[in-house]
Amino acid sequence: MAGVFQVMAVAIRALDKRDADPPDMAKLAKIATAEMISSKELNADWQIAAAGVLVAIGSHLPDLMIEELFPHLSGQNSAIPAMVQVLADFASADALQFTPRLKGILSRVLPILGNVRDAHRPIFANAFKCWCQACWQYGVDFPLISLLDSDIVSLLNSAFELLFRVWATSRDLKVGLPFSCSCLPPS
């Protein structure tokens, strides 16, 4: 199954933006998401490949991809870490399309941060690192101040307060180190 998703991701990335048909991309996004949430296993080859399909769709139709993920970012959904990883991958792949959508993403992720299991904290820490790097990269090309309204600043302050007070002091280096590094600009 991983091979099929990898081929799909390459084909979607190769499409011209005008050839990315939203109804077809929505169907592919639903298939990839269904595969990702069908198992509690994280980072299986087929799951990583399915995430690649979603990121490829996001490169053409970012709002469609994000709308597919948002319903799975609530409550006690076991797919939350996988969805957060997709958002991290998307931020790394396309900072210019990710960063303007940060407010919506933070408003979905922030309420669940306090309940993240220890085993999933490295995924969230890495995601914050990727999101911060995407913002930094966006700021190189465009004025970041145009995106940082008071709502985003408030969301970021809330997230960093929790993450710095609890997660950055974690003895688990997979949690503390990636998050601490997220505050530094890429070299």
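The values are calculated or read from the model by the stated rules, or taken from the named source; none is laboratory data. Since the model is a prediction, treat every value here as computed from it, not as a measurement. Heads up, the Cβs are rebuilt from the backbone with ideal geometry, glycines too, and the neighbour counts pull from every protein chain shown. The protein model used for the area step is the full one, side chains on, heavy atoms only, and it has no ligands, DNA or RNA in it. Shrake-Rupley method; radii C 1.70, N 1.55, O 1.52, S 1.80 Å.
One residue stands out in region 76-97 among those that are free of Cβ contacts under 8 Å to residues at least 40 places away in the same chain and buried (at least 19 other Cβ atoms within 10 Å of the Cβ): the one that is nearest to the chain's Cα centre (by Cα), namely Phe90.
Yes or no, residue by residue, for (1) open to solvent by 50 Å² or more (accessible area, probe 1.4 Å); (2) modelled with pLDDT of 95 or more; (3) within 22 Å of Ala127 (Cα to Cα):
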{"residue": "Val10", "(1), (2), (3)": "yes, no, no"}
{"residue": "Lys17", "(1), (2), (3)": "yes, no, no"}
{"residue": "Ala32", "(1), (2), (3)": "no, no, yes"}
{"residue": "Asp45", "(1), (2), (3)": "yes, no, yes"}
{"residue": "Ala56", "(1), (2), (3)": "no, yes, yes"}
{"residue": "Asp63", "(1), (2), (3)": "yes, yes, yes"}
{"residue": "Ser74", "(1), (2), (3)": "yes, no, yes"}
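When Ile105, Ile145 are checked against the criterion of being more than 22 Å from Gln6 (Cα to Cα) and open to solvent by 60 Å² or more (accessible area, probe 1.4 Å), Ile145 stands alone in meeting it. Considering only residues in region 145-184 that are of a type in the set (Ser, Thr, Tyr) and under 20 Å from the mean Cα position of the chain (by Cα), the one that is modelled with the lowest pLDDT turns out to be Ser182. The number of residues in region 114-132 that are crowded, with 18+ Cβ neighbours inside 10 Å and under 19 Å from Asn157 (Cβ atoms) comes to 8.
Scanning region 70-93 for residues that are among the hydroxyl-bearing types (Ser, Thr, Tyr) and closer than 16 Å to Pro111 by Cα gives Ser74, Ser78.
Within region 133-142, the set of residues being more than 21 Å from Glu67 (Cβ to Cβ) and either within 12 Å of the chain's Cα centre (by Cα) or open to solvent by 30 Å² or more (accessible area, probe 1.4 Å) (or both) comprises Gln133, Trp136, Gln137, Gly139, Val140, Asp141, Phe142.
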